[in-house]
Amino acid sequence: MANLKTNYLGIELKNPLIVGASNLVDNIDGIKKAEEAGAAAIVYKSLFEEQINLESIQMQDELEEYDERHPEMLDIHPNLQHGGPKEHLYNLKKAKENMGIPLIANLNAIFKETWVDYAKQIEETGVDALELNFYATPENFEDDAKSIEDKQIEIIKEIKKAVKIPVSIKPSYFYHNPLNVIARMDKEKVDGFVLF
């Protein structure tokens, strides 16, 4: 049989087949099936900061929905808080514990501080690598492409300082010049790029 071994992000893989983040691998059964079918690595579904923030706001709205109907309602509701990324991190850790192939986490955050914080928390789950899912929705239409890229490059620098696992970048195809973005980000010694 032919030797299909390859190297991705400094991780030796038995073949070049990597299952991307999808519903196929969002649970242990799906991961096991992909592994049995010959996958050499799996990219786990993304931790989306926007989703965590939205769920937190929705939960708070639901808890406070009846607060003003009766005075007693203000005191009988427990002080609950949204779990944030805990469920995702728990599932990521369980997935890694039940796999015999490398697991790559995927992260999509909003603020530089949360990019770094979530990257560190993801590393603690034992994953083999981290994929940063970059895109930009300009908040200020006066911002030029370079200033948006500069912010993301600063995030890369901070994450590379904070974690020891390999880091790859998945820049959006909406950039004005994807090859220029890759060249600029590559100077920060990222371990790989994913283009889609």
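When residue 100 is tested against (1) in a strand (DSSP E or B); (2) at pLDDT 90 or above, just one condition goes unmet, and that condition is (1). Selection of region 1-35 for residues being at pLDDT below 85 and either touching a Gly at 6+ places or on another chain (Cβ under 9 Å) or closer than 15 Å to residue 46 by Cα (or both) yields only 26. Residues of region 27-39 being closer than 12 Å to residue 96 by Cα and open to solvent by 50 Å² or more (accessible area, probe 1.4 Å), which ones? Selection gives 27, 28, 32.
The values are calculated or read from the model by the stated rules, or taken from the named source; none is laboratory data. Fair warning: this is a prediction, and the values are worked out from it, not measured in the lab. As a convention, Cβ positions derive from the backbone with ideal geometry for all residues, glycine included, and neighbour counts pool all protein chains shown. For the accessible areas, the whole protein counts, side chains as well, though only heavy atoms, and no ligand, DNA or RNA atoms are used. Shrake-Rupley method; radii C 1.70, N 1.55, O 1.52, S 1.80 Å.
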